[in-house]
Amino acid sequence: MYSLRRLTFYTILIVVATEIYLHMSARTLSKRVIVVGSGLAGLSAAHSVVQNGGKVILLEMMPKYGGNSIKASSGINGAPTRFQPLPDDMFYSDTVKSSGVIYQNSDPKTKKDREKLMKKLVDNSQSAVYWLTDHFGIDLAAVTQLGGHSRPRTHRGTGKLPPGFAIVSALWKKLQEDYAEQAILKTQCRVTKLLTTGSGVVGVEYENLETKESSKLYGPVVFTVGGFAGDTTGLVNKYRPDLAKYPSTNTARPQSIGLLKAIGGQLLDMESVQVHPTGFVSLEDPYSRNKFLAAELLRGEGGIMLNDKGNRFASEMLRRDQLTDTVLKNCAEDQNDKIRQWKAWLVLDEGSTSKIGSNIGFYQFKKLLAKKTIGEWSKEIPNIKESIKRYAQFVQDKKDPDFGRTNFGRWTLKPEDVSDDTVIIAGRVTPVLHFTMGGVKINTDAQFLDAEDKPIAGIWGAGEITAGVHSSNRLGGSSLLECVVFGRIAGQHATNSIKSHI
């Protein structure tokens, strides 16, 4: 009995000593913030760390930095900014409208939490844009109005680089050139566990995917790994089985949301998966599960959508969820055993493409858009000539009696110039899984919350892995904005947590 008591005492002593060691390791052995993910949210967090005098290590599962952010092609929202052509005090109301039934049906407390996050996003949008332009020298002077927006507020550059690539590459370049001693990037490293003590998260365990070696890092954590729209056989099938056969703009990859759930993270809005109305259907591989996104910018600049009969069927400036619904109702389904998709066309005149040449060139290179005469297109798209002529008249009249579109972008083709010889750019499109509004709930300090809405100590989050900002639907251009706003907040709080223990 005595030896058993002594064994129990020593066991407790070892456990307590281990707990103290891990806690002290988090406080004293590591002076670096650990950022998981190197898309725009991760890079924004990393810059926030170094700008506040801290050090950072980024862990990226893929072979290269950038995540999905580097592929973003429409731009980043901001209002009011010096680049906007019109006064704009409607960003918050547009965001609330976009949040839809999930927001509207929330209980009073949850609704208030959502409103705080939306207000934080909108109120910090101007400073986010100016941070990118003034601190990094990024060109964001071109402003376009996208679907669901009441004003032009989606910023991109005036040059050839798509906005996602321009922003992400600039942040990475500055991190390398100006903060090489404070910032380290480790690629092909997948976080497999969040290390915790009774006081919260104290670090991560990760696997090097090349060497298969497992290692541990101690320090405050910022989690920015993205969403699950590519996980069609896993989380999408679990929470939205009706969407499991849709194509996606995201590739399938191991999901990390279970790591946050394991430490008590509150899952929220997991059924809220955004179906983007326009993903390109490659004529070379039409039933591919993965699609290139047909950027919302294409419609914002004047492009129109036609169904399989060649008829226009909606205002192209509707919100993503609304336009997707009209595609499903008005376009023929093209279903096979692999995926579900619909027959729709995206059509642009030469004016609509005049300021987005780099995008158009890339899509043409990938054989997703083609330039042909209306006469040639009529073999694939019946009634295209009549539909284009009718729309061109609406643009000239600045009034769309069919569907109420009020912003016509840069469309310049006049109705009297529409003939069989008129050159038009078009491509086949279909709704695609693109973004997940659901994830782990955060507050305005970018802290992950548990089931009782209490912050989980030692860890912060930003980007698509988080939930509560968008509810039912995300406005185009608010993804990059969310990454910058909450990435900066997360990085600052993580850095402050180290300073408070020094």
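The values are calculated or read from the model by the stated rules, or taken from the named source; none is laboratory data. Please read these numbers as outputs of a predicted model, since none were measured by experiment. Using ideal geometry, Cβ is built from the backbone for each residue, glycine included, and neighbour counts are taken over all protein chains shown. These area figures cover heavy atoms from the full protein model, side chains too; ligands, DNA and RNA do not enter into them. Shrake-Rupley method; radii C 1.70, N 1.55, O 1.52, S 1.80 Å.
Key figures for this structure:
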{"quantity": "Chain lengthening between Ile184 and Asp123 when straightened (0.36 nm per residue, less Cα-Cα)", "calculated": "18.8 nm"}
{"quantity": "Accessible area in the full protein assembly, largest first, 1.4 Å probe, for Met62, Met317, Met437", "calculated": "Met62, Met317, Met437"}
{"quantity": "The stretch 58-216 - percent relative contact order, Cα under 8 Å, separation 6 or more", "calculated": "32 percent"}
{"quantity": "Integer Hz, Karplus 6.51/-1.76/1.60 couplings in order for the stretch 232-239, x for Gly and Pro", "calculated": "5, 8, x, 5, 4, 5, 6, 9"}
{"quantity": "Length added when fully stretched, Ser199-Glu416, from 0.36 nm per residue minus Cα-Cα", "calculated": "70.9 nm"}
{"quantity": "Karplus-derived HN-Hα couplings along the stretch 245-262 (A = 6.51, B = -1.76, C = 1.60, θ = phi - 60°), whole Hz, x at Gly and Pro", "calculated": "9, 6, x, 9, 7, 10, 7, 6, 8, x, 9, 10, 5, x, 5, 6, 5, 5"}
{"quantity": "Debye-sum result for the stretch 202-315 in log10 I(q)/I(0), which assumes one identical scatterer on each alpha carbon, at q = 0.13, 0.19 Å⁻¹", "calculated": "-0.73, -1.15"}
{"quantity": "Separation in nanometres of the label points that stand 7 Å from Cα toward Cβ, at Lys64 and Asp285", "calculated": "1.7 nm"}
{"quantity": "In degrees, nearest ten, helix 108-123 long axis to first principal axis of the chain (Cα)", "calculated": "70 degrees"}
{"quantity": "Check: the stretch 321-409 dipole with +1 on Lys, Arg Cβ and -1 on Asp, Glu Cβ, in debye", "calculated": "260 debye"}
{"quantity": "Percentage relative contact order, the stretch 337-445, counting C-alpha pairs under 8 Å, at least six apart", "calculated": "45 percent"}
{"quantity": "Filtered trypsin sites (Lys or Arg not before Pro), the stretch 166-241: DSSP coil and at most 10 other beta carbons within 10 Å", "calculated": "Lys212"}
{"quantity": "Computed FRET value (nearest 0.05) for Lys499 with Thr406, which takes r as the C-beta separation and R₀ as 56 Å", "calculated": "0.65"}
{"quantity": "Phe365-Ala252 FRET efficiency (beta carbon distance; Förster radius 25 Å; 0.05 resolution)", "calculated": "0.50"}
{"quantity": "Percentage relative contact order, the chain, counting C-alpha pairs under 8 Å, at least six apart", "calculated": "24 percent"}
{"quantity": "Prolate/oblate/rounded call for the stretch 397-437, Cα gyration tensor, a/c under 1.5 rounded", "calculated": "oblate"}
{"quantity": "For the chain, size of Cβ-based charge dipole, Lys and Arg +1, Asp and Glu -1, in debye", "calculated": "740 debye"}
{"quantity": "For the stretch 379-460: Kirkwood Rh in Å [reciprocal of mean 1/r, alpha carbons]", "calculated": "17.5 Å"}
{"quantity": "The stretch 192-204 - phi-based ³J(HN,Hα) in whole Hz, Karplus 6.51/-1.76/1.60, Gly and Pro as x", "calculated": "10, 7, 9, 7, 10, 10, x, 8, x, 7, 10, x, 9"}
{"quantity": "Built amide H within the under 5 Å cut-off of Thr196, gap 5+", "calculated": "Val202"}
{"quantity": "Per-selection Kirkwood Rh - the chain (Cα, Å, 1 d.p.)", "calculated": "23.8 Å"}
{"quantity": "Rounded to 5, percent antiparallel among DSSP beta bridges of the chain", "calculated": "70 percent"}
{"quantity": "Global size of the stretch 69-218 as Cα Rg and Dmax, reported in angstrom", "calculated": "19.8, 55"}
{"quantity": "Of Lys212/Lys261; Lys291/Lys366; Lys291/Lys343, those spanning more than 22 Å from alpha-carbon to alpha-carbon", "calculated": "Lys212/Lys261"}
{"quantity": "Helix 320-330 vs. the chain, principal-axis angle (Cα, 0 to 90°, nearest 10)", "calculated": "50 degrees"}
{"quantity": "Potential lengthening between Lys398 and Thr233 on full extension [0.36 nm per residue; Cα-Cα distance subtracted]", "calculated": "54.8 nm"}
{"quantity": "Carbon + sulfur, % of accessible area of the chain - ligands and nucleic acids excluded, 1.4 Å", "calculated": "52 percent"}
{"quantity": "Built amide H within the under 5 Å cut-off of Thr466, gap 5+", "calculated": "Val440"}
{"quantity": "Assigned charges on the beta-carbon of Lys, Arg, Asp, Glu; the stretch 95-170 dipole about Cα centre (debye)", "calculated": "280 debye"}
{"quantity": "Long-range HN-HN contacts of Gly219 with modeled amide H, under 5 Å", "calculated": "Gly203, Val204"}
{"quantity": "Furthest towards positive pole of dipole, Ala467, Leu298, Cys189, structure part the chain, Cβ charges", "calculated": "Cys189"}
{"quantity": "Residue-averaged [θ]222 nm for the chain, counting only DSSP H segments that reach four residues, each worth -39500 (n - 2.57)", "calculated": "-10000 deg cm²/dmol"}
{"quantity": "Dipole-positive endmost among Ile257, Gln126, Ile339 within the chain (Cβ charges, Cα centre)", "calculated": "Ile257"}
{"quantity": "Charge dipole of the chain about the Cα centre (unit charges at C-beta), most positive-ward option of Gly159, Ala314, Ile34", "calculated": "Ile34"}
{"quantity": "Distance (nanometres) between label positions extended 7 Å along Cα→Cβ at Lys309 and Lys109", "calculated": "5.2 nm"}
